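I have a structure here, written as structure tokens, and I will follow up with some questions on it.
Derivation of every value follows stated rules applied to the coordinates shown; laboratory data play no part. Just so it is clear, the structure is predicted and the values come from calculations on it, not from any experiment. Heads up, the Cβs are rebuilt from the backbone with ideal geometry, glycines too, and the neighbour counts pull from every protein chain shown.
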Amino acid sequence: MSPVRRTIVVTGAASGIGLATARRMAATMNVVLADIDAPGAGAAADALKAGGAVAVGVGVDVTDRASVLAMMEAARAVFGPVHALFNNAGVSQSGATADLDEAEWDRVVNTHVKGAFLCAQAALPDMIAQGGGAIVNMASIYAVTGMVDGGAYAAAKAAMVSLTKSLALEFIAQGIRVNAVGPGPIDTPLLRAAVGDEWAGWKARRIERVPMGRLGAPDEIAAVVEFLIGDKASYITGQLLLADGGQVTW
């Protein structure tokens, strides 16, 4: 009898790092591509299926409990219990911290932190019932360094690291591993949209701060997530793994 194919939910999966991760994980797992852009998630899932993958696209607002629960139920209806979760959904910050209004703060913090909390809370019952699982949370180097004109974003990412450690400790006895990945600058549609018309100049200036001398690619972060989800990381939990081209060294 062949082993049961495991299932992973990837949020923010319609593009960028989420999509790159879904593509990687589809080689060995059923993949639920979840995104607030439901048509984008569906199109991405269809493209994976055309290549032979087992995938489904689902719309979700990770800041809304009912939406998250509906996403998880949709995943279970197609594939059964969820074995792994990549909390990747995120937004960039618009505006300097001194000028940031409360609504923008809430948008950034709720999408990252509340979203990760709600998705983890919805997936954990499956993982507990089956005696194990893996969660990876999307953090950032800014969780460590801070960020000029990005106070809400950096604070949210630091909270993601703390949430990661807390979940790892709380559920270690149930065989559930929880880790975070902290990318440096990665060439994604989200980053390009945030920078806008200044992309060429911004990219040149940003590369000067990266010891490797280039931006990262989404698939390079997806490879880290694949490692942390997989059995090769079986003795790793509660950690922040930085993938930043050498910017933060310990």
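Bin width 10 Å, alpha-carbon pairs only: give the P(r) of the chain as whole percents, running from 0 to the bin holding the largest distance.
Reading upward from the zero bin: 8, 33, 38, 18, 4, 0, 0.
Give the residues of region 154-195 whose amide nitrogen is closer than 13 Å to a point set 7 Å from the Cα of Trp105 in the direction of its Cβ.
Backbone N within reach: 155-156.
Report the FRET efficiency, 1/(1 + (r/R0)^6), for Arg206 and Phe227, where r is their Cβ-Cβ distance and R0 is 25 Å, rounded to 0.05. Walk me through the numbers before you get to the answer.
On the way: r = 26 Å, r/R0 = 1.02.
The computed FRET efficiency comes out at 0.45.
So what's the angle, to the nearest 10 degrees on a 0 to 90 scale, between helix 115-129 and the longest Cα principal axis of the chain?
For 115-129 against the chain, the angle is about 20 degrees.
How high is the relative contact order of the chain, in percent, counting Cα pairs under 8 Å that sit 6 or more residues apart?
On the way: 497 pairs, mean separation 46.6, N = 250.
This gives 19 percent for the chain.
While we're here: Under 10 °C and 1.306 mPa s, how fast does region 109-152 diffuse according to Stokes-Einstein, given a Kirkwood radius computed over C-alpha pairs? Answer in µm²/s, whole number. Display every interim value, and only then the final one.
On the way: Rh = 12.3 Å.
After rounding, the answer is 129 µm²/s.
While we're looking at this one, here's another question. Would you mind checking which residues have amide H under 5 Å from Gly133's amide H? H placed 1.01 Å from N; only 5 or more apart, or other chain.
Ile176, Arg177
Which value in Å is the Kirkwood Rh of region 1-42 over different Cα pairs?
On the way: mean 1/r = 0.0955 Å⁻¹.
Over region 1-42, the inverse of the mean reciprocal pair distance is 10.5 Å.
Same structure again: Using only the alpha carbons, work out the radius of gyration and Dmax of region 1-137 in angstrom.
15.2, 61
When the Debye formula is applied to the Cα atoms of region 63-135, each taken as the same point scatterer, what base-10 log of I(q)/I(0) results at q = 0.16 Å⁻¹?
For the requested q values the scattering log ratios are -0.62.
Now for a different question. Among the lysines, select those whose C-alpha is under 27 Å from the C-alpha of Lys157, and discard any that sit fewer than 8 residues away in the same chain.
Counting by Cα, and skipping residues close in sequence, Lys157 has these lysines nearby: Lys114, Lys165, Lys203, Lys232.
What do you get for the angle between helix 218-229 and the principal long axis of the chain? Use alpha-carbon atoms, 0 to 90 degrees, nearest ten.
Computed tilt is about 40 degrees.
Per-residue ellipticity at 222 nm for the chain, helices alone: DSSP H runs ≥ 4 residues times -39500 (n - 2.57), over residue total, nearest 500 deg cm²/dmol? Please list the in-between numbers first.
Details: 10 runs with 113 residues, N = 250.
Roughly -14000 deg cm²/dmol at 222 nm, from the helical runs in the chain.
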